[in-house]
1. Which members of segment 92-140 meet the condition of being in a loop (DSSP other than H, G, I, E, B), open to solvent by less than 60 Å² (accessible area, probe 1.4 Å), closer than 27 Å to G8 by Cβ and modelled with pLDDT of 55 or more?
2. Consider segment 39-53. How many of its residues are open to solvent by 50 Å² or more (accessible area, probe 1.4 Å) and under 12 Å from the mean Cα position of the chain (by Cα)?
3. From the set of residues in segment 66-77 that are open to solvent by less than 60 Å² (accessible area, probe 1.4 Å) and either polar (S, T, N, Q) or within 12 Å of the chain's Cα centre (by Cα) (or both), which is farthest from N56 (Cα to Cα)?
4. So which residues in segment 11-37 are out of contact with any Pro (no Cβ under 9 Å at 6 or more places or on another chain), open to solvent by 40 Å² or more (accessible area, probe 1.4 Å) and within 24 Å of Q88 (Cα to Cα)?
5. Condition first: at pLDDT 95 or above and not in a loop (DSSP other than H, G, I, E, B). Now tell me which residues in segment 78-91 satisfy that.
Amino acid sequence: AFSGWSDGGARDLYLYDLAAKKATRLTHDRALDVTPRWSPDGKWLYFSSDRTGIYNLYAIDPNTKQMWQITNLLGGAFTFDVSPTGKQIVYSGFDNDGYEIFRIDLDGRTWLRPELYVLGCTRRKCHFLRFRYLHRHLPKQ
């Protein structure tokens, strides 16, 4: 998995198939989706994105493209890594004291469905991208 520039200045997530030598786009929107990291079991692809206007951490199921928001921070969550057990994430975040290192448990029961993403507004109307939810239940880990 990698983050690559797309037309229009966005960064999307791609999966690269080594055997087929082909990249498939996993996300496609105006957000900057960066620093993808696989869960140890390969079920989830974690990444940081500014899709709410503030960088937060997200998880996406590469098979269904179902996305979940892991953090909901005011200062942002940036560079991160997943523990070898897949039960925690350590990330660089910004708060009142500046940049610090934080650790959180990866508990799918606390994950949020992503907000609508604003694509852009004209004088008459704002255009939104609504993420499709294939399942109504929170992911189990």
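The values are calculated or read from the model by the stated rules, or taken from the named source; none is laboratory data. Quick caveat, the model's predicted, so the values are computed rather than measured. Don't worry about glycine lacking a Cβ; one is built from the backbone with ideal geometry, like all the others, and counts go over all protein chains shown. Please note that ligands, DNA and RNA were not included when accessible areas were found on the heavy atoms of the full protein model with its side chains. Shrake-Rupley method; radii C 1.70, N 1.55, O 1.52, S 1.80 Å.
1. P114
2. To start, the set of residues in segment 39-53 that are open to solvent by 50 Å² or more (accessible area, probe 1.4 Å) comprises 40-41, 43, 52-53.
Now restrict to residues that are under 12 Å from the mean Cα position of the chain (by Cα): 52.
Final tally of qualifying residues: 1.
3. Once the filter is applied, the top-ranked residue is Q66.
4. Correct list: L32, T35, R37.
5. Within segment 78-91, F80, D81, V82, Q88, I89, V90, Y91 qualify.
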